[in-house]
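Worksheet for the structure shown next.
The values are calculated or read from the model by the stated rules, or taken from the named source; none is laboratory data. This one's a predicted model, so the numbers in the text were calculated from it and none came from an experiment. All Cβ positions, glycine included, derive from the backbone under ideal geometry; neighbour counts span all protein chains shown. Accessible surface areas use protein heavy atoms only, side chains included; no ligands, DNA or RNA. Shrake-Rupley method; radii C 1.70, N 1.55, O 1.52, S 1.80 Å.
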Amino acid sequence: MSFNTFGHLFRFTTWGESHGPAIGAVVDGCPPGLAIDEGMIQPFLDARRPGQSKFTTQRQEPDQVRILSGVFEGRTTGTPISLMIENVDQRSKDYSDVALAYRPGHADYAYDAKYGFRDYRGGGRSSARETASRVAAGAVARLVIPEVTIRAYVSEIGGDMIDPGNFDEAEIGENPFFCPDPAAAKRWEKIVDDARLNGSSVGAVVECYARGVPAGWGAPLYGKLDADLAAAMMGINAVKGVEIGDGFAAARLTGEGNADPMRPPVETGPDGAPEFLANHAGGIAGGISTGQPVTCRVAFKPTSSILTPQQTITRDGQATEMFTKGRHDPCVGIRGVPVVEAMMALVLADHKLRHRGQCG
């Protein structure tokens, strides 16, 4: 049984492999009548596109998206929207050794153990190349939630964190690290470049917020907004941890310190929202949005493709060593930023439609 589809009412299926002719997504459940064209999707793919600086993989992919179905005269029709992105810069010869042995830290052995067969070219289906499809689908999801603003940024690389006092949202798009702290971005240049020159890699933490999410999205007990959000983020390649709101830090607080106190609404009436004095819960209580910003933190492990020889085994169980050839990100979390934003959008679009379906 395969699981290549995510979501309930608003759902998407991704397809394709890293070194196949193309990758893509089919988005189903999108409401009809929304204005859309390739130009509205492309900027999000451009943000994730490889080869834009020396701090990311040098694979040169234009990542030009084509809409193949579900759109007529510039508007969604309510039928499945098929999105395709061609692969144009594969170098499969770089992976000839991977056909014979398993790369430590990669999914090579796990895929072989499950299927008894695997596409070893760049990891095939397990490659982070697949995330371009999610970014394209996420661009469609944003059309469903125009009331929501989503922004992600890198808050930590190689254990070096930003200074919250230096946070400047305008800086996020002004450096190759999606970093809101210009001083940290300058430090990260050396951290990531040293890892690249040494044939190594470093991890990163990406933080994301969604402003404008109204109270009421999410459903108890098994359709919680935070549970679906955690599943979406954990489904991204190289992600090994997700925190909602304060996350693990909440375990070090008291009940008083972790509470999100409320004051009466500024405007009276049935639609008046309370004034929250804190947001330790990350905008979600009991699995349902509270109207505060929805926040999460996503931990990306260091890229497993490194030039340092590592102990491993061949497919027939013999001991050997391997280092990974090819073009790889010295810090995969950098290009994870638009992917995290996309998954946030996809989850919120689905929950908006689910809430509307139950509560009108």
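Considering only ALA342, PHE117, PRO21, and ranking their Cα positions along the charge dipole of the chain that arises from unit charges at the beta-carbon of Lys, Arg, Asp and Glu, the one farthest toward the positive end is PHE117. Segment 229-275 and segment 313-360 have Cα centres separated by 23 Å.
Given a 1.4 Å probe and heavy atoms of the protein chains only, how would you sort LYS301, LYS186, LYS54, largest accessible area at the top?
Numbers: LYS301 65, LYS186 135, LYS54 100 Å².
Ranking LYS301, LYS186, LYS54 by accessible area, largest first, yields LYS186, LYS54, LYS301.
Between SER53 and GLU73, what is the label-to-label distance in nm when each label sits 7 Å out along the Cα-to-Cβ direction? Computed distance between label sites SER53 and GLU73 equals 4.4 nm. Across the options PRO146, SER2, ALA195, the greatest Cα extent toward the positive end of the charge dipole of the chain (unit charges at beta carbon of Lys, Arg, Asp, Glu) belongs to SER2. If a helix is a whole DSSP H run, which ones in the chain reach 27 Å or further along their own axis (Cα) and hold a mean Kyte-Doolittle hydropathy of at least 0.0? Helices meeting the criterion: 337-359. Here ALA170 and GLU38 are evaluated by their C-beta separation; at R0 = 30 Å the FRET efficiency comes out at 0.60. Counting lysine pairs in the chain whose alpha carbons fall under 17 angstrom apart, excluding pairs fewer than 8 residues apart on the same chain, gives 6.
Starting with the highest mean, order 136-144, 314-322, 243-251 by the number of other Cβ atoms within 10 Å, averaged over the residues of each peptide. The partial results should precede the final answer.
Numbers: 136-144: 25.4, 314-322: 11.3, 243-251: 15.8.
Per-residue Cβ counts within 10 Å, averaged per peptide and sorted highest first, yield 136-144, 243-251, 314-322.
Residues ILE67, ILE81, sorted by accessible area with the largest first, give ILE67, ILE81 [1.4 Å probe; ligands and nucleic acids excluded].
Each Lys or Arg adds one and each Asp or Glu takes one away; over the other residues whose Cβ falls under 10 Å from the Cβ of GLN52, this sums to +3. Calculated accessible area for the chain comes out at 47 Å² per residue, all protein chains present (probe 1.4 Å; ligands, DNA, RNA ignored).
Given a 1.4 Å probe and every protein chain left where it sits, what share in percent of the accessible area of the chain is carbon and sulfur?
Numbers: 9240 of 17040 Å².
The value for the chain is 54 percent carbon and sulfur by accessible area.
Answer with one residue from PHE248, ALA35, ALA319: the one whose Cα lies farthest towards the positive end of the charge dipole of the chain, charges on Cβ with Lys, Arg +1 and Asp, Glu -1. Going by the Cα projections, it comes out as ALA319. Counting only protein heavy atoms and using a 1.4 Å probe, the accessible area of SER127 comes to about 20 Å². The peptide list 104-116, 215-227, put in order of mean Cβ contacts within 10 Å with the highest first, becomes 215-227, 104-116.
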